[in-house]
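Chemist: Mind having a look at this structure? Questions to follow.
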Amino acid sequence: MLEFLTVVGLVVLLIVTVLVTTVWMALRRIRRSRLVATARTAIAVGTPLLAAHRPSAVRNPAAALRVVRLTRAQWALRRAVTDATRTGAYLGDVPAVLPRLQAETDRIRTGLSRLPDAATPAARELLAAADRHLATLSDLTDAVAATQALPAAEGTLSHEAADAAHGLRLYAAAYAELLGGPTAPAAQRRAG
């Protein structure tokens, strides 16, 4: 009887372990799904908009207008970066700066949604900061759009090969200069 209870206990433990693992993996997959990520983004973006349009914020229409403009500018920048990335345009450090810009936009939108009126000096400073940040987002969006309009590079392989050849020429010139041999000027002319 003890062996039977041991076997039943092990089978139940195995079944519980499989169920817990399956539920854990399913929840993990759901949390990483595109639908959940889109919902999180919609909530993160929509919350300040709802806060800006609630009746208490209507007392300050300038702040509500800036919240809407900041949200649109951030969306436009994100869309321009996504489109430029798809086309292979050079973006430099723009993708690395996007999270900090998003954090600053969120900080300003939160501050604007809490403004009761625009008469205080702190409120005027926050509205000015919102205008400066809006100008920054617009300039960056225009710059990304301008790089997207440039013709794409013919191929990275040809550029890598040209860079490798140039590096070899520079190495040969430096080595010849180090040895002080008669080929140093000829190697330097080829490297230049």
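Each reported figure results from applying straightforward, stated rules to the coordinates on display, with no laboratory input. It should be emphasised that the depicted structure is a prediction, and the values quoted were computed from it without experimental measurement. When we count neighbours, we look across all protein chains shown, and the Cβ atoms used for this are built from the backbone with ideal geometry, even at glycine.
Chemist: With the crude spin-label approximation of a point 7 Å out along Cα→Cβ, what separation in nm comes out for L19 versus A62?
Modeler: Going by the 7 Å Cα→Cβ label model, 6.2 nm.
Chemist: So what's the stretch 1-149 giving for Cα Rg divided by 2.2 N^0.38 Å, two decimals? Provide the component values of the computation, followed by the final result.
Modeler: Details: Rg = 24.4 Å, N = 149, 2.2 N^0.38 = 14.7 Å.
That ratio works out to 1.65.
Chemist: Can you give the FRET efficiency for V11 and T85, using 1/(1 + (r/R0)^6), R0 = 45 Å, r = Cβ-Cβ distance, to the nearest 0.05?
Modeler: It comes out at approximately 0.30.
Chemist: Which residues in the stretch 93-111 place their backbone N less than 13 Å from a point set 7 Å from the Cα of A122 along the Cα-to-Cβ direction?
Modeler: Within reach of a label on A122: 111.
Chemist: Could you check the simple spin-label distance between R34 and V97, using points 7 Å along Cα→Cβ, in nm with one decimal?
Modeler: With each label point 7 Å from Cα toward Cβ, the separation is 3.0 nm.
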